[in-house]
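Chemist: Take this structure first; my questions come after.
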Amino acid sequence: MNDRLPVTPGFVPSVCPHDCPSTCALRLEVGADGRLGRVRGGGQAYTDGVICAKVARYAERANHPERLLRPLRRVGPKGDGRFEPVSWNDALDIVAENLRRAMEKSGPESVWPYHYAGTMGLAQRAALRRLGHLAGWSRQRETFCVALADAGWQAGVGVKRGVDAREIVDSELIVAWGCNPAHTQINFMHWAHKACASRARLVVVDPYRTPTAERADAHLAIKPGTDGALACAVMHVLLAEGLADRAYLTRHTDFSPAVEAHLAKRSPRWAAAITGLSAEEIVAFARLYGSTRASFLRAGHGFTRQRNGAAAMHAVSCLPAVTGAWQARGGGALYGQAALYGLDRRFLNGLDRPVPAARALDMAAIGRVLNGEDAALAGGPKVAAMLIQNTNPAMVAPESAAVRRGFLRPDLFVCVHEQFMTDTARLADLILPATMFSEHDDLYQASGHTFLQAAKAAVAAPGECRSNHDFIGELAARLGVEHPAFDMDAAALADRLLRDSGKPGFAELVRSGGQDCALPFKKAHFLDGFGHADGRFRFMPDWSAIGPDHQIMPAFPDHLAVIEEVSADTPFRLVSAPARHFLNSSFTETESSRAGQGGRPTVLVHPGPAKSLGIGDGDPVRLGNRRGSVRLRARVTDRVPPGTLVVESLWPNACFAGGLGINALVGAEPGYPNGGAAYHDTAAWLSAEDGAHGWKRTARSPAQRFEPRGT
Ligand SMILES: Nc1nc2c(c(=O)[nH]1)N[C@H]1C(S)=C(S)[C@@H](COP(=O)(O)OP(=O)(O)OC[C@H]3O[C@@H](n4cnc5c(=O)[nH]c(N)nc54)[C@H](O)[C@@H]3O)O[C@H]1N2
Ligand SMILES: Nc1nc2c(c(=O)[nH]1)N[C@H]1C(S)=C(S)[C@@H](COP(=O)(O)OP(=O)(O)OC[C@H]3O[C@@H](n4cnc5c(=O)[nH]c(N)nc54)[C@H](O)[C@@H]3O)O[C@H]1N2
Ligand code: SF4
Ligand SMILES: [Mo]
C-alpha cells in the first residue's frame, strides 16, 4: 500500500498503463498538494516524448470528482444505481462469503473471475488470474482483442513479433493495413511523419477515410471483412508481373506450384467484386508494393475483428513473403511484439504448482454465459458469482443487451473493482474502489515497440482506493488460498518475475527507463527462420494447430466468406471503430474527451443513403439489426462509402437515447478458427428516428482512384 508516500513536488518517470500499442514513457508532475498534475512524454527512444492528448490531460481523470473512493454496497434493486458505503473489512467479508457460498453450492467453476485490459501492468493484471487458477474457478478465454489477429499471424509467421517500428525511417513505403494509428497509436504516426518527410509513401487500407487515411498518399476504402480478397489479388499481380522474389520464396517459405495455381485464380477483377475497390486500384497498389523493396506493413487489429479475421491476417501477412521485403532495412511487417520479452510468468500466474483443471468461458460470450445458454457454459455449472476487475463488459462486450439481462439475474453475485461508476459497476452488488497507475507499482511490456518498462507509484492512493494486487491478496487470505506472490508487494512480485526471466530487476528498470528488447536485424527480420519448426513462412498453414474450428479454414491464403453479409433488411456494414479521445471505455468519464468526440455518439453515413432515407446531418436516427436497435445522431459525410456505417466507439450505454449502446448490435458468434470477438462484422439498417429503413444499394461507391502521389 502506498498511502504514506512522501510528497516530492516535481516530475517523476512513469509508464502509460492503457491497452494501447504505444505504451508510452511518461513524466508525471506531482503537485505540492501531492496530487497528479501535468503529464508529459518520457524520454524512451520509441515514444520519444510524444503522448496522446487524452493522457496529457490525465489529471482530469485521476482527480475527477466522480472517482470511486470507498467500497459501496447495493441497497436498491439491481441496476437502479443506489448504493451505500461500507468498510473494506465488511466488503471483503461480503465477497468472501458470497464466493464461498457459490463454491459450496455449485462447485468452484460457478465462480467466474472476469478481467481484461483496463491496466496492462503485468503484476496488477495477474492477481485475479492467479487466484482463479489456484481456487479452481472458471477460466476465461481472452477473446476481446487479439484472438483473431494472433491466430492469423501465428499461421504464417509462427511467432508474435515483427520488425522494430523505428525502422520505418528507412522505409520507402508504409502500409497501414486495417489500423488507424492517428487514433490508436499516435507514436507510429510520429515515426511515419519522419519517414514520409524523407522519402516514404503512406498507403492506408481502411473502410473509411480516417485521419490516418487523410494524411496518406493513397487510401483503399475497402468493404469491411474483405481484406483477404485484396491481399490475394495483390499477390496475383506480384506473381504475374514478375514482382515476386522467387529466390526468397524458395529459401524462406513453403511456397509451391499449388499456392501459385491457387493465386492465379484470385484476379484483381475477382477481388474487385468482393472488396468494392476497382481492379485498377488493386493493380496500382500491387505494382507500388511490388516495386518497393523497403515496404513496411503495419498490420492492425481493426481488419481482423471480423469472423474471417484470422484468414484475412494470414493472407495479408503473406505479402512481404512474396516480395521478400523482410530482407530490407525498413521492410517487412509488424503486428505485435509480445514474443520479444520472454517473460516466465508461471510464478506470476500461480502456475508454478499443480492447479485444479477448470472449464474456460469465452469472455466475449458473457451475455450467453450469464443467461445460462448451454453451449456457452462449456459443460459446467451456471455462473453464480463474478469478480470483475480491469474491464467494463456491460459496455465493451458483444450482445450488450443480453449482458445487461444476465447481470440483473437475482441469483448472481457480482463484485466490481473499479475507478469509476461504469455501466458494469452500476449493475453490481458490491463496488470496490481501485487505484490508477500513478498510484501503484507495475511492469509493462509493449505491443507496438520493444521496451520493457517499470514504474513506481507517484502519488498516494486517494480515499480508500486499493490496487488490484493488494485487494486480491487480502481476498486470497480470507479464502485461505495460499501463494507466495500474495505475500509480496507489487514491486517485489515484478522483481521476481524479471529475475525468473533473466532480466534486470524492478528498481534497475525504473532507474534506466526500460530495457530495449529489440533483436538484431537478421533475427528481427526472420532471415534466420520464421517461428515454425522448419523456419519457413507458411502459405499453407496448419490451422489445426491453431484453433478447434479449423475445418472451415482455407488451405491457401484466401477470402473466407463467413462474415455477416448485408441483406435487404440490413443493407449496411457497420464498423464500431476506436475513437480518438477514448480508449475503449476509458476516458468516457472526462469532459474533455467527451467534447473531443463531439459530445454524443454519432453514426457516420454517406450523403447518398442519408438523402434517400431522409436523414440530415445531426438528425436523431435509429440503427439496428436482428439483435435490437440503438438511437444516436447522424453525421453525414463522404468519409464513409455508401454501404458502410461507422460509429466511433465506445460511448457509455446511457449516452445513447434509450440506454442501449453500440455493442447491442454486435454479435457474440465467434470468429474462426480460435474464437475472437468480431466487433466490426455487423450488418445493420439505418433509419430516421421515425422513418422506414428501406435503403437499397443502387450505385457502386464512387470510385476512389488509387493514384499515389508522384506517380
Ligand atoms: N464496439 C466495440 N467494442 C469493443 C471494441 C471496439 O473496437 N468496438 N474494442 C474491443 C477491444 S480491442 C478491447 S481490448 C476491449 C477492452 O475493453 P476493457 O477491457 O473493458 O478496457 P477499458 O475500457 O480500457 O478499461 C476497462 C476498465 O478498467 C478500469 N481500470 C483501469 N485501470 C484499472 C486498475 O488498475 N484496476 C481496476 N480494478 N480497474 C482498472 C477502467 O476504469 C475501465 O472502466 O473492448 C472491446 N470492445
Ligand atoms: N484512441 C484510442 N486508442 C486506442 C483504442 C481506442 O479505443 N481509442 N483502443 C486500443 C486497443 S484495445 C487496441 S486493440 C488498439 C487497436 O488498434 P489498431 O491495431 O489500430 O486496430 P483498430 O484501431 O481496431 O483498427 C481500427 C481501424 O480498423 C478499421 N477496420 C475495421 N474493419 C476493417 C476491415 O474489415 N478492413 C480494414 N482494412 N479495416 C477495418 C476501422 O475502420 C478503423 O479505422 O488500439 C488501442 N488504442
Ligand atoms: S494511450 Fe497510448 S498514445 Fe496515449 S499515452 Fe497511453 S500509450 Fe501513449
Ligand atoms: Mo484491444
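The values are calculated or read from the model by the stated rules, or taken from the named source; none is laboratory data. Not measured: the values here are computed from a predicted model. Backbone-built Cβ (ideal geometry, glycine too); neighbour counts: all protein chains shown. With ligands, DNA and RNA removed, areas are computed over all heavy atoms of the protein, side chains included. Shrake-Rupley method; radii C 1.70, N 1.55, O 1.52, S 1.80 Å.
Each row is one residue, and each column tells you yes or no for (1) in the same structural domain as GLY448 (by TED's automatic domain parsing); (2) not hydrophobic (A, V, I, L, M, F, W, C).
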site	(1), (2)
LEU493	yes, no
ARG499	yes, yes
PRO504	yes, yes
GLU508	yes, yes
SER512	yes, yes
PHE521	no, no
ALA524	no, no
GLY535	no, yes
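Chemist: May I ask you to verify whether ARG266 is under 30 Å from ALA684 (Cα atoms), more than 16 Å from ligand 2 (Cβ to nearest atom) and either outside the structural domain of VAL50 (by TED's automatic domain parsing) or surrounded by fewer than 20 Cβ atoms within 10 Å (Cβ to Cβ) (or both)?
Modeler: The answer is yes for ARG266.
Chemist: Further question: Would you please name the residue that is farthest from ASP19 (Cα to Cα), looking only at residues in the stretch 118-158 that are hydroxyl-bearing (Ser, Thr, Tyr) and within 15 Å of ligand 1 (Cβ to nearest atom)?
Modeler: THR143
Chemist: With a cut-off of at least 2 residues that are hydrophobic (A, V, I, L, M, F, W, C), open to solvent by less than 30 Å² (accessible area, probe 1.4 Å) and within 15 Å of ligand 2 (Cβ to nearest atom), name the strands (runs of 3 or more DSSP E) lying wholly within the stretch 550-655.
Modeler: So the answer is 572-575, 602-605, 644-646.
Condition check ((1) within 16 Å of ligand 1 (Cβ to nearest atom); (2) surrounded by 21 or more Cβ atoms within 10 Å (Cβ to Cβ)) across all residues:
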| position | (1), (2) |
| --- | --- |
| ASP442 | yes, yes |
| GLY448 | yes, yes |
| LEU452 | no, yes |
| LYS456 | yes, no |
| ALA460 | yes, no |
| ALA491 | yes, yes |
| VAL510 | no, yes |
| GLY529 | no, no |
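Chemist: State which residue pairs qualify: first residue under 15 Å from ARG346 (Cα atoms) and inside the stretch 486-502, second residue open to solvent by 40 Å² or more (accessible area, probe 1.4 Å) and part of a helix (DSSP H, G or I) in any location, beta carbons under 8 Å apart, and separation of 6 or more residues or different chains.
Modeler: Partner pairs satisfying both residue conditions: PHE486/ALA477; ASP495/ALA507.
Chemist: Looking at the stretch 201-214 only, could you name the residues that are open to solvent by less than 50 Å² (accessible area, probe 1.4 Å) and touching a residue at least 60 places away in the same chain (Cβ under 8 Å)?
Modeler: VAL203, VAL205, ASP206, PRO207, TYR208, THR210, PRO211
Chemist: Another one. Which condition does PRO224 not pass, out of (1) within 16 Å of ligand 4 (Cβ to nearest atom); (2) in a loop (DSSP other than H, G, I, E, B), if it passes all the others?
Modeler: Going through the list (1) within 16 Å of ligand 4 (Cβ to nearest atom); (2) in a loop (DSSP other than H, G, I, E, B), PRO224 breaks only (1).
Chemist: Let me ask another. What strands (runs of 3 or more DSSP E) lie completely within the stretch 13-112 and have 2 or more residues being open to solvent by less than 30 Å² (accessible area, probe 1.4 Å)?
Modeler: Once the strands (runs of 3 or more DSSP E) in the stretch 13-112 are filtered for at least 2 residues that are open to solvent by less than 30 Å² (accessible area, probe 1.4 Å), what remains is 25-30, 36-41.
Chemist: Can I ask one more? Failed condition for ARG125, given (1) open to solvent by less than 30 Å² (accessible area, probe 1.4 Å); (2) within 16 Å of ligand 2 (Cβ to nearest atom), with all others met?
Modeler: Against the list (1) open to solvent by less than 30 Å² (accessible area, probe 1.4 Å); (2) within 16 Å of ligand 2 (Cβ to nearest atom), ARG125 comes up short only on (1).
Chemist: Please state which one of ALA151, ALA147 is within 16 Å of ligand 4 (Cβ to nearest atom), open to solvent by 10 Å² or more (accessible area, probe 1.4 Å) and not assigned by TED's automatic domain parsing to the domain that holds PHE303.
Modeler: Selected residue: ALA147, the only one of ALA151, ALA147 that is within 16 Å of ligand 4 (Cβ to nearest atom), open to solvent by 10 Å² or more (accessible area, probe 1.4 Å) and not assigned by TED's automatic domain parsing to the domain that holds PHE303.
Chemist: Filtering the stretch 297-318 down to residues that are open to solvent by less than 10 Å² (accessible area, probe 1.4 Å) and under 17 Å from PHE188 (Cα atoms), which residue is farthest from ligand 1 (Cβ to nearest atom)?
Modeler: That would be LEU297.
Chemist: Evaluate the following for ALA294: is it open to solvent by 30 Å² or more (accessible area, probe 1.4 Å) and either closer than 18 Å to VAL203 by Cβ or more than 26 Å from the chain's Cα centre (by Cα) (or both)?
Modeler: Answer is no for this residue.
Chemist: Residue by residue through the stretch 404-424, note down the ones that are out of contact with any Leu (no Cβ under 8 Å at 6 or more places or on another chain) and more than 19 Å from VAL95 (Cα to Cα).
Modeler: Correct list: THR422, ASP423.
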